[in-house]
Amino acid sequence: MRTRVKNLFKDILLALSIVAATCAHAQQPVPAANDAASPAPATTLLQKNIEAFLRNYYALGPNMQITVGKPKEFGNSGILEVSIEVKTPEGTENVKMYITKDGRYLIRGEISDIASDPLAETVAKIQTAGAPVLGDPSASVTLVEYSDFECPVCRSLHDALRGMLPNYPQVKVIFKDFPIESLHPWARTAALAGRCAYQQDPKAFWKLYDLIYDNQDLISASNAWDKMVDYASRSGLSTEAFKACLSSPQAAAEVDASIANGNLLEVRSTPTVFVNGRRIVGADGHAIQQYIDYELTQQKQSKYKK
């Protein structure tokens, strides 16, 4: 789905385990990032060192804009967390890395606090109020889908879920908009259409959802508005009210709020799915089914223990 930028960060995340940041600036002594005597110069130098290392190691030319965020301490781990953004004409990718306080070792991957419940923390961040729900609202397994209607991998997820969900009445699906406008020119129009369908009739949202994904190849930036109005009519909605809604600030604000919520959860590509808090990136039906089955087994065992 994402092309060059996605492949770049895939390479970074796969290849970079623990590396010595011996870039051009690293030959100089690097003051500790928390040096009280000169915190600003030390932080700036560390950021420059990280950027220089990544540019050199991965041959990132001047057409790649790299922004290294200000390092901040990760809990009491003694390690600094750094946000890194890479922009190209094709899009933007963000990733977190970690670096030792002496500025020497750059570390990829995730750091988990095994004394806490990361799944509960994730679930607490997901904002579901006002989001379309498919299935029994009281279902014990919640699948939250952050998607882009123009994304072909999201269409694959749609097809996988359509074949899977009839076998899982214990699962409800919650849809969250995450249009990636830099890559998909009509994705936001479709997201607005979904919000307007939901405002008129929550059940009609899922009819529109199916129509958009089933006809994705027929939609373009030039015909998206007309296609959405047509699909709204076929979903039983008032087209006049629907057209007015498409231009309304309320629909735009709701889409923006969903995107902001995805950013809070560090959603970087679509589709990103959370099954009771467990993250899956992409349309891996087998992984989704595995997570659902695991949750149902755990719930069954817990019930028997009572």
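Between the helical axis of 285-305 and the longest alpha-carbon principal axis of the chain there is an angle of about 80 degrees.
Legend: calculated FRET efficiency, Ala129 to Thr100, from the Cβ-Cβ distance at R0 = 25 Å, rounded to 0.05, equals 0.05. Cross-link partners for Lys72 among the aspartates and glutamates, with Cα-Cα distance under 18 Å and sequence neighbours closer than 8 places in the same chain left out: Asp35, Glu51, Glu81, Glu85, Asp102, Glu110, Asp113, Glu266. The Cα-based radius of gyration and maximum Cα-Cα distance (Dmax) for the chain are 22.3, 68 Å. When a/c reaches 1.5 or more, the comparison of a/b and b/c decides; with that in mind, is the stretch 119-301 rounded, prolate or oblate per its Cα gyration tensor? In terms of gyration-tensor shape, prolate.
Karplus-derived 3J(HN,Hα) values for the stretch 63-76, using 6.51 cos²θ - 1.76 cosθ + 1.60 with θ = phi - 60°, are 6, 9, 8, 10, 10, 9, x, 5, x, 9, 5, 8, x, 10 Hz; glycine and proline are entered as x.
Separation of the stretch 281-306 and the stretch 87-148, taken as the distance between their Cα centroids, equals 19 angstrom.
Computed from the coordinates by the stated procedures, all read-outs in this text should not be read as laboratory data. On a predicted model such as this, the values are computed, not experimentally measured, just so you know. All Cβ positions, even for glycine, are placed from backbone atoms using ideal geometry, and neighbour counts span all protein chains on display.
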